[in-house]
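Please treat every number below as a calculation from the coordinates, not as lab data. Quick caveat: nothing in here was measured; it's all calculated off a predicted structure. All Cβ positions, even for glycine, are placed from backbone atoms using ideal geometry, and neighbour counts span all protein chains on display.
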Amino acid sequence: MPRNKPRNDDRHIAGRRLHPASLMMTYGYKPELSEGALKSPIFQTSTFVFRTAEEGKAFFEVAYGLREKEPSEEMGLIYSRLNNPDLEILQDRLTLWDEADAASVFESGMAAITTTLFAFARPDTVVFHSGPLYGGTDHLLNAVLPQFGIKHHGFVAGASRAEMEQALDEALAMGPISAIFIETPANPTNALVDIQACSELADRAAAVQGGERPPLIVDNTFLGPVFQRPLQHGADLVIYSATKFLGGHSDVIAGACLGSQELMDQVTALRTFFGTMCSPWTGWLLMRSLETLELRMTKQKDNAKHVADYLAAHPGVRKVHYLAHLEHGSEQHRIYEDQCLAPGSLIAFDVKGGEAEAFALLNALRLIKLAVSLGGTESLAEHPATMTHADIPVERQADLGITPSMIRLSVGVEDPGDLVADLGQALASI
């Protein structure tokens with residue numbers, strides 16, 4: 001098997017702990033086991049051949065939890081719905097940035113979110129969550145989970161600690177809380193949620209319910225593992241739409257979940273039976289992208305500051321929602337200083353006017369493309385109220401801070417002066 005079961009020694013040279021950006025090139029892979037290929041081959045196979053019947057029996061015993069693994073034993077290759085060398089190498093590398101015990105990769109971000117929530121949520125329990133959330137997640141909570149008897153209750157990102165505690169009490173009155181799901185920064189408003197405070201709310205819920213602590217699940221897509229590490233602030237699981245920064249080239253759909261071995265065993269087991277794992281080809285593409293993750297995100301972050309400063313000074317812009325522009329001394333700025341490593345490359349801004357003016361700007365863009373993804377090498381702009389968050393009723397959009405004049409901008413790796421020039425001519429067209 002080409003996968004080299006990672007050891008602690010693999011992360012150190014001469015006593016120096018290697019940076020994740022260095023380990024993305026080789027970690028978990030042995031070229032000598034794959035004819036010396038520098039990069040992992042694509043293992044495009046549905047099934048794997050056992051050397052003996054006894055080996056096949058042993059592999060299934062471990063895969064189905066019929067016995068505990070021996071200390072030096074790892075799960076053998078059986079079938080690509082369960083495991084595949086490309087996915088296992090990728091998962092090993094994904095754990096490095098977040099310092100997680102284990103990871104599972106999925107065919108989409110929504111597959112990761114859905115599988116993870118179903119691993120813990122049960123009928124007559126409540127998912128406690130922040131808002132706004134990505135439109136697909138919001139639809140899952142409001143339209144899909146209720147069909148299975150799973151309730152939800154939320155609070156607005158940026159709420160005070162007292163408001164969050166009140167919302168928790170309201171959720172507890174509805175039933176036992178089975179999971180806490182937050183997205184920070186929030187999509188699309190960039191409002192921050194205090195991860196440590198939510199971790200304390202999870203402890204409080206466990207005390208009130210007299211049971212296990214509901215897992216705190218953090219969607220970290222907007223800042224990625226380079227600029228925010230939720231597990232270090234009390235989160236239990238981290239979710240990524242790997243389509244975005246982890247993939248980074250707008251050519252792959254994928255998702256990931258990371259966390260403790262105990263919790264990830266439950267998520268991965270359900271992935272096996274839901275069949276929501278990603279394909280070997282997707283896994284290989286993500287391995288390619290992880291090699292440049294820090295480079296891309298750093299360039300995008302630098303570009304975003306240039307663009308955000310320009311927008312903040314433009315007379316046609318009413319407000320800019322950008323983490324580096326948070327008011328010093330504010331609670332949002334404190335949270336940013338505590339849990340974020342950089343402001344990232346997502347900007348939301350309100351033009352003066354409403355939907356018509358926002359549409360006029362979007363229609364006038366030339367270099368920046370009108371599309372609804374983010375985190376890619378190209379800059380993209382969209383209108384949340386009528387696109388990514390169109391499923392949310394207008395009155396609830398207003399409560400969540402999503403306005404008709406708001407534009408979400410994902411800044412890419414282009415020349416920053418060119419991005420400013422494009423925005424300038426588009427703003428002039430309004």
Electrostatic dipole magnitude of the chain [Cβ: Lys, Arg +1; Asp, Glu -1; Cα centre; debye, to 20]: 640 debye
Charge sum, other residues only, whose C-beta stays under 14 Å from Ala398's C-beta, Lys/Arg counted +1 and Asp/Glu -1: -3
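Starting from 0.36 nm per residue, how many nanometres of slack lie between Lys319 and Asp124 once their C-alpha separation is accounted for?
Working it through step by step, the gained length comes to 66.1 nm.
Please figure out what share of the DSSP beta bridges in the stretch 85-280 is antiparallel and state it in percent, rounded to the nearest 5. It would help to have the intermediate numbers written out before the result.
On the way: 10 of 27 bridges.
Counting DSSP beta bridges with both partners in the stretch 85-280, the antiparallel share is about 35 percent.
For the pair Leu33 and His249, what calculated FRET efficiency results from E = 1/(1 + (r/R0)^6), where r is the Cβ-Cβ distance and R0 = 25 Å, to the nearest 0.05? Could you put the intermediate results ahead of the total?
Values: r = 28 Å, r/R0 = 1.12.
Calculated transfer efficiency: 0.35.
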Point-charge dipole on Cβ atoms (K/R +1, D/E -1) for the stretch 293-428, about Cα centre, debye to 20: 140 debye
Near-label residues of the stretch 416-430 by backbone N, under 16 Å of a point 7 Å along Cα→Cβ of Ala364: 419-430
Within the stretch 335-371, trypsin sites (Lys or Arg not before Pro) in DSSP loop having at most 15 other beta-carbon neighbours inside 10 Å: Lys352, Arg366
Inter-part distance where the stretch 74-111 and the stretch 179-195 are each reduced to a Cα centre, Å: 25 Å
Label-point gap, in nm, between Val144 and Tyr64 - each point 7 angstrom along Cα→Cβ: 2.9 nm
The stretch 66-141: relative contact order in percent, alpha carbon pairs under 8 Å with at least 6 residues between: 16 percent
Candidate aspartates and glutamates for bridging to Lys151, where Cα separation is under 15 Å - those fewer than 8 sequence places away on the same chain excluded: Asp124, Asp138, Asp169, Glu170
Scaled radius of gyration (Cα, divided by 2.2 N^0.38 Å) that the chain gives: 1.01
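Hey, got a sec? Which chymotrypsin sites (Phe, Trp or Tyr not before Pro) in the stretch 53-85 land in a DSSP loop and have at most 14 other Cβ atoms within 10 Å?
Values: sites: Phe59, Phe60, Tyr64, Tyr79; in loops: Tyr64.
Passing sites in the stretch 53-85 are Tyr64.
Counting Lys and Arg as +1 and Asp and Glu as -1, what is the net charge of the other residues whose Cβ lies under 15 Å from the Cβ of Ala58?
-3
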GluC sites (Glu not before Pro) within the stretch 163-228, DSSP loop, no more than 14 other Cβ atoms inside 10 Å: Glu212
Potential lengthening between Glu74 and Trp281 on full extension [0.36 nm per residue; Cα-Cα distance subtracted]: 72.2 nm
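Nearest-5 percent of antiparallel DSSP beta bridges in the chain?
That works out to approximately 60 percent antiparallel.
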Cα gyration tensor category, rounded, prolate or oblate, for the stretch 283-430 with a/c compared to 1.5: rounded
Burial ranking of peptide ranges 383-394, 247-258 (average Cβ count within 10 Å, highest at the top): 247-258, 383-394
Cβ-defined net charge surrounding Leu145, 13 Å radius [Lys, Arg +1; Asp, Glu -1]: 0
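Considering only the stretch 293-428, what is the antiparallel percent among its DSSP beta bridges, to the nearest 5?
In the stretch 293-428, DSSP labels about 85 percent of beta bridges as antiparallel.
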Distance (nanometres) between label positions extended 7 Å along Cα→Cβ at Phe50 and Glu337: 6.0 nm
